[in-house]
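Worksheet: the structure to be examined is printed underneath.
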Amino acid sequence: MSIKVAVPKETAEGERRVAIESSVIAKLSKLGAEVLVETGAGDAAHIPDAAFTGATIVSSTRDLYQQADIVLKVQPPSAAEIAQLKEGSVLIGMLQPYQSPERIAALNAKNITSFAMELIPRISRAQSMDVLSSQAAIAGYKAAIMGADLAPRFFPMLTTAAGTIRPSKVIIIGVGVAGLQAIATARRLGAVVEAYDVRSATKEQVQSLGAKFIELGITAEGTGGYARELTAEEKQQQQEALAKHIATADVLITTAAVPGRPSPKIIPESTVDGMKSGAVIIDLAAEGGGNCTLTQPGKTIVHNGVTIHAPLNVPSQVPVHASEMYAKNLLNFLTPMLKGGTYAPDFSDEVIAGALLTHEGKIMNAAIRQLVEGA
Ligand code: NAD
């Protein structure tokens, strides 16, 4: 009997993505799997059931979960969804283990083998499975578009019969995957772009995209290509030096993050007070509390004429391509586990072991185990 891979309709509020797309169905079928998709699973991503060629469309959520050997999801499962998962089945998704230890405990109690896509090690071999990158690229692109939309000015320089319009200045703080895509998008829209990051390796990347790197003389390289948290003294120095640059921005896009820590507060109220009336801040770090002290995650506020937009789950706002890229990440992760139509993961593989959360009634990730047991 072939292995059944099931894709339910996402139930989290505002989630428009779906964990499958048609080319992935064809590839999973070739690998010997049977794909089941819940009725309407792709509706919010503009993918009708009829587009899931090769998959069996299942109208009852309960039936879908009861048949599933492997469940593919975007968002972590709710308690009701965990209750429906078949004992001993496999769950793969962005499971946000640090946000909800109770959920991991519940998955473990049901003997679910769960993999968190965001825990896949960021090594070259796993780039095609990297959901943090695929979804951050989408968020970065959309942040530039949001900035252009909320700004009371054009981004490009325009030479018109009514005079010459100066281009907008866009400043990007945090030049990881999202920041780089925000730079590229703002440049394509014709803005003058400057960017800053505490990792010195980003300088060349910023310049290669035609933007100017803001030099502050503060570097904070951490481990694994990530930034470390700044000391209190460095933070103060950074805020003061950055404020002068930020005062000249029409749009400020902030994406700074440090793994496992709340978003660094880089933009205090005094910096916002120094900004132009009509300037816009897009705080992409809102999910982790935001890079601006005035940020209200999920809200848009206006402070002294400066709009502070702090959207949550931005990739879901580009659901067609976000779903496509996410589904391909899942396929690339799943492919080595499906051999000859059977599910046979090599748990000694560092990519598989890195993503593994729960298996055979044990919490396999040491940090999460500590979190759950201490909870
Ligand atoms: P991230 O989302 O963790 O952080 C975004 C950016 O914020 C980072 O560039 C970080 O340096 C910066 N930042 C943190 N604190 C800051 C501060 N106080 N001031 C200014 N900037 C600050 O980053 P990400 O997009 O996940 O990328 C992190 C690293 O992972 C990068 O080195 C990237 O090249 C690397 N990466 C590797 C792979 C791979 O090999 N598979 C894939 C993607 C990214």
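Numerical summary
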{"quantity": "Cα lying deepest toward the dipole's positive end in the stretch 45-167, options Gln66, Tyr98, Ala83, charges on Cβ", "calculated": "Tyr98"}
{"quantity": "The stretch 74-108-the stretch 156-221 distance, computed between alpha-carbon centres (Å)", "calculated": "39"}
{"quantity": "Mean Cα-pair separation over length for the chain, i.e. relative contact order, pairs under 8 Å, 6 or more apart, %", "calculated": "19"}
{"quantity": "FRET E, pair Ser208, Ala162, Förster distance 30 Å, beta-carbon r, rounded to 0.05", "calculated": "0.30"}
{"quantity": "Rounded tilt (10° steps) of 131-150 against the dominant C-alpha axis of the chain", "calculated": "40"}
{"quantity": "Shape of the stretch 172-280, Cα gyration tensor, a/c cut at 1.5", "calculated": "oblate"}
{"quantity": "Charged-residue dipole, Cβ positions (Lys, Arg, Asp, Glu), the chain about Cα centre, Debye nearest 20", "calculated": "580"}
{"quantity": "Cα shape, the stretch 17-139, gyration tensor, a/c 1.5 rule", "calculated": "oblate"}
{"quantity": "Placed amide H near Leu95: partners under 5 Å, 5+ positions off or other chain", "calculated": "Met117, Glu118"}
{"quantity": "Calculated SAXS-style log₁₀ I(q)/I(0) at q = 0.18, 0.28 Å⁻¹ - the stretch 308-375, Debye, Cα scatterers", "calculated": "-0.90, -1.12"}
{"quantity": "Sequence ranges 211-217, 186-192, 136-142, ranked by mean other-Cβ count within 10 angstrom, highest first", "calculated": "136-142, 186-192, 211-217"}
{"quantity": "Computed [θ] at 222 nm, deg cm²/dmol, the chain (DSSP H ≥ 4; -39,500 (n - 2.57); rounded to nearest 500)", "calculated": "-9500 deg cm²/dmol"}
{"quantity": "Size-normalised alpha-carbon gyration radius of the chain, reference 2.2 N^0.38 Å", "calculated": "1.06"}
{"quantity": "Peptide ranges 275-282, 199-206 listed from the most packed, as the mean C-beta count within 10 angstrom indicates", "calculated": "275-282, 199-206"}
{"quantity": "Between helix 232-246 and the chain: long-axis angle, C-alpha atoms, 0 to 90°, nearest 10", "calculated": "60"}
{"quantity": "Expected-Rg normalisation [2.2 N^0.38 Å, Cα atoms] applied to the stretch 1-56", "calculated": "1.10"}
{"quantity": "Contact order normalised by residue count of the stretch 58-129, Cα under 8 Å, 6+ apart, percent", "calculated": "28"}
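None of the figures in this text is laboratory data; all of them are computed from the coordinates on show. Keep in mind that this is a model prediction, so the values were computed, not measured. Virtual Cβ from ideal backbone geometry, glycine too; neighbours counted across all protein chains shown.
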